[in-house]
1. Please give the total accessible area that chains A and B bury against each other, computed with a 1.4 Å probe and expressed in Å² to the nearest 100.
2. Go through the range A:72-89 and flag every residue whose accessible area shrinks by 50 Å² or more with all protein chains in place compared to the isolated chain (probe 1.4 Å).
3. Take the solvent-accessible surface of the protein heavy atoms, probe 1.4 Å, and return the percent of it on the range A:159-317 that carbon and sulfur atoms account for.
4. Within 10 Å of each Cβ in peptide B:37-46, how many partner chain Cβ atoms are there on average? Round it to a whole number, please.
5. Given the alpha-carbon gyration tensor of the range A:38-165, what are the semi-axes of its equivalent ellipsoid in whole angstrom, ordered largest first, with each equal to the square root of 5 times an eigenvalue?
6. Measure nothing but the geometry: give the 0 to 90° angle between the long axis through the Cα atoms of B:155-171 and the longest principal axis through the Cα atoms of chain B, rounded to 10°.
7. Reachable lysines from A:Lys146, Cα under 16 Å, same-chain residues fewer than 8 places away excluded?
8. Other chains near A:278-286: what is the mean number of their Cβ atoms within 10 Å of each residue's Cβ?
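The values are calculated or read from the model by the stated rules, or taken from the named source; none is laboratory data. In this text, all values refer to a predicted model and were calculated from it rather than measured experimentally. Neighbour counts are summed over all protein chains in view; Cβ atoms, including those assigned to glycine, are modelled from backbone coordinates with ideal geometry. The accessibility values were calculated without ligands, DNA or RNA, using every heavy atom of the protein model including side chains. Shrake-Rupley method; radii C 1.70, N 1.55, O 1.52, S 1.80 Å.
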Amino acid sequence: MAMAAAMRREGKRLAPLISSQPINNTLRSSLTSPLDQTSIGGARSISTQIVRNRMKSVKNIQKITKAMKMVAASKLRAVQTRAENSRGLWQPFTALLGDAASVDVKKNVVVTVSSDKGLCGGINSTSVKISRVLSKLNSGPDKETKYVILGEKAKAQLIRDSKKDIALSLTELQKNPLNYTQVSVLADDILKNVEYDALRIVFNKFHSVVQFIPTVSTVLSPEIVEREAEAGGKLGELDSYEIEGGETKSEVLQNLSEFQFSCVMFNAVLENACSEQGARMSAMDSSSRNAGDMLDRLTLTYNRTRQASITTELIEIISGASALTG
Amino acid sequence: MFRRATSTFLSRAAATRRFSTDVATPAADSAFVEAWKKVSPNLDPPKTPFEFLKPRPPVPTTLPTKLTVNFVLPYSSQLAAKEVDMVIVPATTGQMGVLPGHVPTIAELKPGVLSVHEGNDTTKYFVSSGFVFIHANSVADIITVEAVPVDQIDASLVQKGLQEFTQKLNSASTDLEKAEAQIGVDVHSALNSALTG
């Protein structure tokens, strides 16, 4: 009785193989055999071929992400020394002029520094979020904010909703290794083409390989510097400084503000490049770790599937043999 | 009744949280942080350079004996908080000597020789233009784009450059070309006098 029931169940599976219509037979067997195999209970399981394919692609992804991590690590080593050497550059300016993040001006320009390539974690989105909030902070009657975008990623994000506010966008900064001349030409470009009262540079400061601190540096135009100096407060001591060189005080202040902008930009661009490589390192590292976990799980599934198919084969043979013998 | 209870609970929690973060942010940027929190309470405000500034010595009451010099270039910090006796900087108005206790000054630099005097040693650098800030606490910040020790300058190249730029100046037609050639001439003649003088 049990054997008859077993035969009936087997029959359901063996039926396509022994059916009288050979054409249908081959068609149905080609459709059913590699992709689905019915097991004893009538449930379907994934064939080993699919699992093997998936394992191969996951292993490839793991190799690629590991390689990307090594590349990012070596690039980081190269840029990190230069970024740390350039940290002394903005300190004298902040010591002299203080930091005016909360200054109230009519024409704000937000310079967003971002990367050209992706796969670097969330640093570009953080920069864009901060730029958006800065522009909201400085919104009001007859106040305006314009964006200057460095890097492809921020451009893609900001062009969606603030297209009319983008004054200038520059990409492919890192085609040649970053140097001061390139950045000063860039700064010159920005200063010539964009009217500003205050420039706010948004970038990710490199704190360590796993930590990047979003930072905003403010550079004021010479007129605003004079206004703040008269108003007192942080810049009030500026008047106590003697100005040497140049014909007038405003000429020297203008040169000072332009020089400050190019120095701060240089540091910002280097720090952001460091942060980009560091973020890419940790993103690729977690990606390869994920791929490794996935590979382990797939291996288990593969072994289970393989053992199950062997078991069903054995059962077929044995029950076939026992059906024949008696 | 419930709402008031939750609000007091939240404010107490916020008060304890505010306590721990107060230590991190200095008072100078509190206006910025406040404005930020009003507009976007969920996003942390970005840091500003003020929080990363290395602390500077306060203004002393008596005249200090040494001058603290920070000499920075985009590529490196040549001197960082070095105590020296005197520096001579090539300001646009001429060579300027800076001693401890100098009046606070902002000076623009022209290409020339910067010399640092420490006891009996003098180190000379040829600097491109830049700025020098002298603060009330006898700290001098010198920021230039390039600096080369004078003994590393090749005299023959200087002569060649000077001739080339003088030629360019004579044959320049537009204002831009004239300005560029003039800059070249100025730098090379300064280099020349640095080598000879």
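1. 3900 Å²
2. A:Asn85, A:Leu89
3. Within the range A:159-317, the accessible surface is 49 percent carbon and sulfur.
4. If you average over the peptide's residues, the count of other-chain Cβ atoms is 5.
5. Working: eigenvalues 444, 116, 25 Å².
Semi-axes (√(5λ), whole Å): 47, 24, 11.
6. Its long axis makes an angle of about 90 degrees.
7. List returned: A:Lys106, A:Lys107, A:Lys129, A:Lys136, A:Lys155, A:Lys163, A:Lys164, A:Lys192.
8. Details: counts 0, 0, 0, 0, 0, 0, 0, 0, 0.
Per residue, the average neighbour count from other chains is 0.
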